[in-house]
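A.B. asks: One structure is given below, represented as structure tokens, and several questions about it will come after.
Quick note: the coordinates plus some simple rules give every number you see, no bench work behind them. Owing to the predicted nature of the structure, the values given are computational and were not obtained by experimental measurement. Cβ placement follows ideal geometry from the backbone for every residue including glycine, while neighbour counts extend to all protein chains displayed.
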Amino acid sequence: MPKPSHEQDSFLYETYVPRYTGLLADRPDGISRTPSNWKKNTKEEMASVDVRERLRQHFDALPPEKQAGGWNAMWEQNVTPWDRGEPSPALVDTLQHKLPQIEASSSQDTSSNKAHNQQPTRRKKALVPGCGRGYDVLLLAAYGYDAYGLDTSTLAIQGAQELAQSPDRETKYPSTNPSGTGPGTATFLEADFFSDDFLTQSHSPTTTTTTTTGPEQHPAEPKTFDLIYDYTFLCALPPSLRPAWSKRMSQLLSPLGGMLICLEFPLRKPPSSGGPPHGLTRELYEQLLNRPGKGVEYTTAQEGGEEGGGYVIEDRTTEMPRDALVKVERWKAERTHEVGRDMDFVSVWKHVQ
């Protein structure tokens with residue numbers, strides 16, 4: 001295994017050490033979180049800081065199809081550096097400021113869509129795959145969405161359900177629904193993002209409305225979501241599953257104005273350093289979502305030079321498929337978790353049609 005570079009050392013330390021309370025509960029105060037001071041720490045502390053290596057070794061031992069089941073073991077061991085204890089500040093800002101602007105600019109397209117106008121009035125649905133303890137799901141519910149959080153970890157879902165039932169939920173997640181209809185629901189499911197099983201719990205088989213002539217049955221609602229949020233989900237997947245991730249996002253995102261919000265992370269981690277979290281790039285998001293389900297070619301270690309391989313080789317195909325997702329807007333997050341400060345970008349995607 002190659003020795004991590006100085007840049008990789010910095011990323012690993014900044015990413016994992018601050019959140020790994022289990023091993024570093026007795027960490028002395030005043031130690032600067034920099035690569036130079038990290039290397040000056042005691043031998044005992046050095047032996048415990050590389051949480052990232054524990055994650056990598058844990059998942060390296062599992063084939064890609066088994067890795068979804070490996071996350072519960074990390075929760076059992078309290079190795080949860082991704083758990084920040086609060087919703088993403090970047091998502092808060094997106095919901096409060098950016099998304100209303102984007103929706104307003106695209107309202108002309110949806111208002112002219114006859115099929116869209118014929119849909120029964122209902123709350124919008126949101127999906128957060130890999131939701132962990134569900135902070136972002138609770139935030140989306142406060143904004144009026146019927147929000148669904150998926151995770152393959154039993155402990156994560158149990159923690160999310162406890163938070164949803166906590167007496168201070170309304171204080172921490174006050175209703176911010178601009179429509180004035182109050183908060184939506186927050187539902188947490190131990191489920192596989194790549195399987196349709198959870199859709200039977202998130203979508204009703206039929207819709208019933210009451211009219212002057214009595215109840216009317218409407219066709220089953222499309223099994224899609226109006227908003228999907230991805231943060232620390234794509235980067236947690238083995239690279240071989242990335243095409244399936246993009247295909248699934250295209251399938252689950254509503255073609256009638258649905259928005260996929262990606263908090264792009266980690267962008268400065270060399271892809272060759274492994275994961276999770278696996279290093280991502282802007283080009284990778286574009287290639288995956290512009291061509292859902294299509295495989296991606298990566299540079300070799302020789303082609304990557306000092307930074308190693310794993311970077312996207314551009315697909316020069318000009319024609320986009322019908323299920324492509326296109327980027328609506330991309331911006332640098334003004335506020336985000338400390339690990340991504342000055343690095344994280346937010347991108348919003350919708351169906352090409």
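A.B. asks: What distance in nm separates the two pseudo spin-label positions at Glu338 and Arg169, each 7 Å out from Cα along the beta-carbon direction?
C.D. replies: Going by the 7 Å Cα→Cβ label model, 2.9 nm.
A.B. asks: Using a cut-off of 13 Å between beta-carbons, work out the net charge of the residues near Lys223 (Lys and Arg +1, Asp and Glu -1, Lys223 not included).
C.D. replies: My count for the surroundings of Lys223 gives -2.
A.B. asks: Which value in nm describes the separation of the simple spin-label points at Thr200 and Arg282, placed 7 Å from the Cα toward the beta carbon?
C.D. replies: Each label point is offset 7 Å from its Cα along the Cβ direction, giving 4.4 nm.
A.B. asks: Rg and Dmax in Å for region 89-351, alpha carbons only: what are they?
C.D. replies: Taking only Cα atoms of region 89-351, I get Rg and Dmax of 19.2, 73 Å.
A.B. asks: So for each of 254-261, 96-103 I average, over its residues, the number of other beta carbons within 10 Å; can you give me the resulting order with the highest mean first? Walk me through the numbers on the way to the answer.
C.D. replies: Working: 254-261: 21.4, 96-103: 13.6.
Highest-to-lowest ranking by the protection proxy: 254-261, 96-103.
A.B. asks: Please report, largest first and rounded to whole Å, the three semi-axes of the ellipsoid equivalent to region 222-271, where each semi-axis is the square root of five times an eigenvalue of the C-alpha gyration tensor.
C.D. replies: Semi-axis lengths for region 222-271 are 23, 13, 7 Å.
A.B. asks: Can you give the direction-averaged projected area of the convex hull of the alpha-carbon atoms in region 196-353, in nm²? Could the numbers behind the result be given before it?
C.D. replies: Numbers: hull surface 48.6 nm².
Average of the hull's projected areas for region 196-353 equals 12.1 nm².
A.B. asks: How large is ³J(HN,Hα), in whole Hz, for each residue of region 167-178 in order, when computed from phi with the Karplus curve 6.51 cos²θ - 1.76 cosθ + 1.60 and θ = phi - 60°, using x for Gly and Pro?
C.D. replies: So the J values, rounded to whole Hz, are x, 9, 4, 5, 6, 6, 10, x, 4, 10, 5, x.
A.B. asks: What ranking, highest mean first, results for peptides 333-342, 165-174 when packing means the other Cβ atoms within 10 Å averaged over each residue?
C.D. replies: Ranked from most to least packed, the peptides come out as 333-342, 165-174.
A.B. asks: Also, quick follow-up: Please find the FRET efficiency linking Lys294 to Asp60, where r is the Cβ-Cβ separation and R0 is fixed at 35 Å, and quote it to the nearest 0.05. Numbers along the way, then the final one.
C.D. replies: Values: r = 26 Å, r/R0 = 0.75.
Computed FRET efficiency for Lys294 and Asp60: 0.85.
A.B. asks: Do the alpha carbons of any pairs in Lys223/Lys294; Lys124/Lys350; Lys269/Lys327; Lys98/Lys332 sit beyond 18 Å of each other, and which pairs?
C.D. replies: Pairs exceeding the cut-off: Lys223/Lys294; Lys269/Lys327.
A.B. asks: Quick one: length gained pulling Glu221 to His97 fully straight, 0.36 nm per residue minus the C-alpha distance?
C.D. replies: Taking Glu221 through His97 to full extension adds about 41.7 nm, to one decimal.
A.B. asks: Quickly rank 58-71, 294-307, 268-281 as a protection proxy: mean count of other C-beta atoms within 10 Å, highest first. Mind showing how you got there, number by number?
C.D. replies: Details: 58-71: 14.9, 294-307: 12.6, 268-281: 21.4.
Ranking the peptides 58-71, 294-307, 268-281 by packing returns 268-281, 58-71, 294-307.
A.B. asks: With charges only on Cβ, +1 for K and R and -1 for D and E, what is the dipole size of region 89-351 about its Cα centre, in debye, rounded to 20? All intermediate terms of the calculation are to be shown ahead of the outcome.
C.D. replies: Numbers: 26 positive and 33 negative charges, 94 e Å.
With Lys and Arg at +1 and Asp and Glu at -1, about 460 debye.
A.B. asks: Between Val352 and Thr154, what is 0.36 nm times their sequence separation minus the Cα-Cα distance? Round to one decimal in nm.
C.D. replies: Full extension from Val352 to Thr154 adds 67.7 nm.
A.B. asks: In nm, to one decimal, how far is the modelled label at Thr176 from the one at Asp192, with both set 7 Å along Cα→Cβ?
C.D. replies: Distance between the two pseudo-spin positions: 3.5 nm.
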